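Student: Below is the structure I would like to discuss, written out as structure tokens.
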Amino acid sequence: MFDFESKGKPKNVYSLKEAQLKAADFCAYQERSQQEVRDKLYTYGLYPDEVEEVLSRLIVDGFLNEERFAIAYAGGKFRVKAWGRKKIIQGLKQHKVSAYCTQKGLDSIDEQEYRDKLCALVQKKIPPSIPKDTYKLQHKIARYLFGKGYEQELIWQCLRESFDSLDH
């Protein structure tokens with residue numbers, strides 16, 4: 001929860017109506033999580049009950065939809081940044097998105113596209129001249145993919161397939 005007292009003086013102080021309009025513009029520009037909008041409203045100098053009132057209006061008017069945000073976030077982070085499911089889940093938790101909406105976001109990612117992206121990342125990391133001992137190389141690639149948020153069993157499956165195809 002946002003600690004209204006510790007943030008000091010707000011940047012600008014807006015009336016409830018002005019804050020509502022600015023928040024609607026903020027949400028219309030791109031999909032936003034409720035937490036992002038809540039934090040923004042606090043910077044407008046609103047009190048907690050006013051913030052919740054504006055949030056409710058934005059949800060009713062269709063400017064704010066957490067499920068829509070989760071789907072857009074998951075799809076964008078996967079396609080643009082090539083994040084795996086674990087990192088996407090972590091990001092959605094930081095936005096305080098519900099477990100239901102997080103699952104909807106993850107379900108929007110096509111399973112075959114996910115595996116193809118992972119295997120493409122493996123191929124991209126394999127150097128043109130492969131050392132005789134591929135053990136260290138495989139672990140280096142695996143660490144990189146863990147950092148991207150991919151699941152351990154999928155990483156090793158793609159690594160095995162990629163290195164087996166190189167041997168033949």
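Student: Using a Gaussian network for the chain with springs between C-alpha atoms less than 10 Å apart, which of these wobbles most: ILE88, ILE71, ILE59?
Tutor: Per the Cα network of the chain with a 10 Å cutoff, ILE59 tops the list.
Student: Ok, one more. For GLN112 and GLN35 in one chain, what is 0.36 nm times their gap in residues minus the Cα-Cα distance, to one decimal in nm?
Tutor: Between GLN112 and GLN35, full extension yields 24.5 nm more.
Student: Next question, about the same structure. Using 0.36 nm per residue of separation minus the Cα-Cα distance, give me the extension gain between LYS136 and LEU154 in nm, one decimal.
Tutor: Gain on stretching LYS136 to LEU154: 4.6 nm.
Student: Let me ask you something else. Quick one: what are the phi-derived ³J(HN,Hα) couplings along region 31-38, Karplus 6.51/-1.76/1.60 with θ = phi - 60°, whole Hz, x for glycine and proline?
Tutor: Per-residue couplings from phi come out as 5, 10, 7, 4, 5, 4, 5, 4 Hz.
Student: Taking the Cα-to-Cβ direction at ARG57 and at VAL80 and moving 7 Å from each Cα, how far apart do the two end points lie in nm?
Tutor: Roughly 2.9 nm, to one decimal.
Student: Additional query: Please sort 127-136, 72-81 by packing, taking for each peptide the average over its residues of neighbouring beta carbons within 10 angstrom, highest first.
Tutor: Output ranking for 127-136, 72-81: 72-81, 127-136.
Student: Please report, in whole Å, how far the alpha carbons of region 17-104 spread along each principal axis, starting with the longest.
Tutor: Projected onto its principal axes, the Cα set of region 17-104 covers 40, 21, 21 Å.
Student: Just to confirm, what accessible area per residue do you get for the chain at 1.4 Å probe, in whole Å²?
Tutor: 61 Å²
Student: Between region 148-164 and region 98-114, how far is it from one alpha carbon centroid to the other, in angstrom?
Tutor: Here the answer is 20 Å between Cα centres.
Student: Then there is this: How long, wide and thick is the chain, going by the Cα atoms along their three principal axes, in whole angstroms, largest first?
Tutor: Principal extents (largest minus smallest coordinate, Cα): 70, 31, 24 Å.
Student: Mind listing the long-range amide H neighbours of ARG32? Cut-off is under 5 Å, sequence gap 5 or more, other chains count too, H placed in the peptide plane at 1.01 Å from N.
Tutor: Excluding prolines and chain starts, which carry no amide H, the hits are ASN65.
Student: Using a Gaussian network for the chain with springs between C-alpha atoms less than 10 Å apart, which of these wobbles most: ILE109, ILE89, ILE126?
Tutor: Taking springs between Cα atoms under 10 Å, the residue moving most is ILE126.
Student: Could I ask something else about it? May I ask which of LYS40/LYS148; LYS96/LYS117; LYS93/LYS140; LYS40/LYS77; LYS77/LYS104; LYS40/LYS86 have a Cα-Cα span longer than 19 Å here?
Tutor: Going by Cα-Cα distance, LYS40/LYS148; LYS96/LYS117; LYS93/LYS140; LYS40/LYS77; LYS40/LYS86 fall outside the 19 Å limit.
The values are calculated or read from the model by the stated rules, or taken from the named source; none is laboratory data. Here the structure is a predicted model, which is why all the values come from computation and not from measurement. Every residue, glycine among them, receives a Cβ derived from its backbone with ideal geometry; neighbour counts consider all protein chains shown. For the accessible areas, the whole protein counts, side chains as well, though only heavy atoms, and no ligand, DNA or RNA atoms are used. Shrake-Rupley method; radii C 1.70, N 1.55, O 1.52, S 1.80 Å.
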